[in-house]
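Notes for the one structure printed next.
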Amino acid sequence: YYFFFRSPNMVILTLNCGSSSAKYQVFNWETRDVIASGVVERVTQEGGSITHTAPGKPEYTMKHECPNHTIAVELIIRTLTDPDVGVISDMNVIKAVGHRVLHGGTKFTKSVVVTPEVLDTFREVQDLGPLHNPANIMGIEAAQKVLPDVPHCAVMDTAWHQTMPERSFLYAVPHDWYEQYSVRRYGFHGTSFLFTAKRASVLLGKKPEDTNVIIAHIGNGASMCCVQNGKCIDTSMGLTPLEGLVMGTRSGDCDPALAFYMMRKAGLSVEEIDTALNKQSGLLGITGKYADRRDVTKSMEEGDKRAKLAYEIETYRVRKYIGSYIAALGKMPDALIFTAGVGEFHSLMRAGFCKDLEHLGIILDPAKNELARTRNAETCISADNSPIRIFVIPTDEELVMTEDAYALMKGTYDVHTRFTYSFQSPDYVNKGRREGLKADLEKNPRLADIIVKIPG
């Protein structure tokens with residue numbers, strides 16, 4: 001009875017459906033708390049399972065075959081409403097669902113309520129995101145079947161980057177490729193860049209339209225964004241998420257003729273080239289065995305020369321992009337920002353990214369950098385005399401998705417330059433992270449020295 005009595009009345013569910021997974025988060029809008037999160041793994045494969053976490057309850061894991069995304073979404077809902085492990089009484093408290101969509105093409109500059117026409121557009125551009133968009137569409141359709149009476153909202157990775165000028169997003173290829181086939185730079189990780197750019201404005205005590213920053217989102221997938229006056233003017237990923245930085249298994253920038261050369265020399269097919277560049281390259285390709293930076297740096301420290309080479313190639317690539325984006329801005333940025341798993345936790349990688357950039361105004365404080373390993377606080381790791389500040393800002397893509405979905409439900413949403421998020425307030429507090437920070441500070445009291453103090 002206590003469980004049902006405590007059930008919230010307004011919940012926003014966010015879903016991120018990949019080709020073989022379905023991640024979710026449940027947000028209590030009344031208390032502004034994350035009340036559950038989890039993931040269904042091995043969707044469409046044998047050996048499916050769900051892992052579910054909720055504050056104050058032990059982690060719950062259950063094996064369950066999910067031959068399609070509809071069954072995966074049904075499993076999520078059943079888990080959320082389970083009297084023992086769940087967090088809501090019934091599906092009626094879910095008032096909106098936010099869906100991550102990788103690619104919206106040129107059609108969308110902001111999040112939208114999903115309609116049949118919107119889904120048709122996602123289908124039209126799914127060739128631009130063949131690894132993600134079909135799964136995103138299946139996830140939306142599955143959730144609509146399970147929750148047919150609430151608004152479903154699409155939050156696109158590409159929308160944030162639609163402010164790029166033509167000189168940034170057009171390729172020097174036959175122009176009819178762009179006109180007929182939509183060939184251009186799109187960029188991804190947009191929800192993460194939106195959050196970190198807006199938070200950077202708060203940390204700097206500036207309005208978004210007065211903020212100029214360079215953001216490095218470094219996870220297994222990695223990209224960078226150049227933000228001028230609060231808007232994206234360039235980004236490292238391109239038509240697909242393959243271009244740009246060296247990643248866990250993706251090559252990033254390379255000569256386009258490389259594909260043709262290997263097709264002729266090794267007899268590789270288009271599909272084999274696609275697989276090689278997306279799933280067998282990057283750090284895995286260089287080392288031959290590691291895609292995770294923790295493994296790469298550990299092996300490097302043990303004397304593995306190829307691991308050291310992988311580290312040097314990746315960090316060098318990031319430094320080149322930092323320099324090019326300073327040139328694109330035409331002046332010193334207010335801050336360089338690191339986010340996502342590697343950016344938030346891996347001090348050795350951050351040190352490599354900032355190496356020898358003192359002449360550009362980027363001076364890392366090694367001691368501060370070593371301290372910055374938390375998802376629960378925004379930290380400053382630049383030296384006191386650094387003209388450009390270096391922030392580590394833990395991203396929160398789910399919060400952006402949640403707030404977009406709520407605003408779309410209420411009819412108050414607009415493009416980000418005319419919309420204000422809760423986290424743009426100097427008084428904003430993430431309750432879950434606040435509790436997590438207490439534990440972090442107990443383990444490492446010196447962390448308090450590098451937490452950014454909000455101006456004013």
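Here is a check on your reading of the model: is residue 223 without any contact (Cβ under 8 Å) to a residue 60 or more places away in the chain and among the hydroxyl-bearing types (Ser, Thr, Tyr)? Even if it seems obvious, please write down each step before you answer.
Numbers: without any contact (Cβ under 8 Å) to a residue 60 or more places away in the chain: yes; among the hydroxyl-bearing types (Ser, Thr, Tyr): yes.
In short, yes.
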Within the range 29-45, restricting to residues that are closer than 24 Å to residue 10 by Cβ and assigned to a loop (DSSP other than H, G, I, E, B), the one that is most open to solvent (accessible area, probe 1.4 Å) is 32
Picked from the range 343-363 (must be touching a Lys or Arg at 6+ places or on another chain (Cβ under 8 Å) and not in a helix (DSSP H, G or I)), the residue most open to solvent (accessible area, probe 1.4 Å) is 355
Within the range 296-305, the count of residues that are surrounded by fewer than 16 Cβ atoms within 10 Å (Cβ to Cβ) and either in a helix (DSSP H, G or I) or touching a residue at least 12 places away in the same chain (Cβ under 8 Å) (or both) comes to 3
Of (1) more than 19 Å from residue 243 (Cβ to Cβ); (2) open to solvent by 80 Å² or more (accessible area, probe 1.4 Å); (3) not small (Gly, Ala, Ser), residue 256 satisfies every one except (1)
With criteria (1) touching an Asp or Glu at 6+ places or on another chain (Cβ under 8 Å); (2) surrounded by fewer than 20 Cβ atoms within 10 Å (Cβ to Cβ), residue 325 comes up short on (2)
Result of the Cβ filter at 9 Å on the range 404-432, keeping first residues that are free of Cβ contacts under 8 Å to residues at least 12 places away in the same chain and on the phi < 0 side of the Ramachandran plot and partners that are open to solvent by less than 50 Å² (accessible area, probe 1.4 Å) and assigned to a loop (DSSP other than H, G, I, E, B), at least 6 apart or interchain, is 412/419
Those residues of the range 46-100 which are closer than 26 Å to residue 154 by Cα, in a loop (DSSP other than H, G, I, E, B) and open to solvent by 40 Å² or more (accessible area, probe 1.4 Å) amount to 67, 68, 90
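For the range 313-331, indicate whether the set of residues that are basic (Lys, Arg), touching a Leu at 6+ places or on another chain (Cβ under 6 Å), assigned to a helix (DSSP H, G or I) and touching a residue at least 60 places away in the same chain (Cβ under 8 Å) is non-empty. Give the steps one after another, and end with the answer.
Taking the range 313-331 and keeping what is basic (Lys, Arg), we get 317, 319-320, 331.
Adding the requirement that they be touching a Leu at 6+ places or on another chain (Cβ under 6 Å) leaves 317.
Filter again for assigned to a helix (DSSP H, G or I), leaving 317.
Narrowing the set further to residues that are touching a residue at least 60 places away in the same chain (Cβ under 8 Å) leaves 317.
Within the range 313-331, one or more residues are basic (Lys, Arg), touching a Leu at 6+ places or on another chain (Cβ under 6 Å), assigned to a helix (DSSP H, G or I) and touching a residue at least 60 places away in the same chain (Cβ under 8 Å).
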query: Hey, does the range 270-285 have a residue that's more than 23 Å from the chain's Cα centre (by Cα) and in a loop (DSSP other than H, G, I, E, B)?
result: no
Those residues of the range 131-149 that are outside any helix (DSSP H, G or I), in contact (Cβ under 8 Å) with a residue 12 or more places away in the chain and open to solvent by 30 Å² or more (accessible area, probe 1.4 Å) come to a total of 2
Going through (1) under 19 Å from residue 192 (Cα atoms); (2) buried (at least 22 other Cβ atoms within 10 Å of the Cβ); (3) in contact with a Ser or Thr (Cβ under 8 Å, 6 or more places away or on another chain); (4) not small (Gly, Ala, Ser) one by one, residue 373 fails only at (2)
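Among the residues of the range 204-222, are any of a type in the set (Val, Ile, Thr) and part of a loop (DSSP other than H, G, I, E, B)? Let's see the steps before the verdict.
Filtering the range 204-222 down to residues of a type in the set (Val, Ile, Thr) leaves 211, 213-215, 218.
Checking which are part of a loop (DSSP other than H, G, I, E, B) leaves us with 211.
Looking through the range 204-222, at least one residue is of a type in the set (Val, Ile, Thr) and part of a loop (DSSP other than H, G, I, E, B).
For residue 291, are the conditions met, namely being open to solvent by less than 40 Å² (accessible area, probe 1.4 Å), assigned to a loop (DSSP other than H, G, I, E, B) and closer than 20 Å to residue 254 by Cβ? Don't jump to the end; show me each part of the working.
Details: open to solvent by less than 40 Å² (accessible area, probe 1.4 Å): yes; assigned to a loop (DSSP other than H, G, I, E, B): yes; closer than 20 Å to residue 254 by Cβ: yes.
Spelling it out, residue 291 is indeed open to solvent by less than 40 Å² (accessible area, probe 1.4 Å), assigned to a loop (DSSP other than H, G, I, E, B) and closer than 20 Å to residue 254 by Cβ.
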A careful count of residues in the range 173-197 that are touching a Gly at 6+ places or on another chain (Cβ under 8 Å) and either under 13 Å from residue 335 (Cβ atoms) or crowded, with 23+ Cβ neighbours inside 10 Å (or both) gives 5
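The values are calculated or read from the model by the stated rules, or taken from the named source; none is laboratory data. The shown structure was predicted, so the numbers you read here are calculated from the model rather than taken from an experiment. Glycine gets a Cβ as well: all are built from the backbone with ideal geometry, and neighbour counts include every protein chain shown. All accessible areas refer to the heavy atoms of the entire protein, side chains included, with ligands and DNA or RNA removed. Shrake-Rupley method; radii C 1.70, N 1.55, O 1.52, S 1.80 Å.
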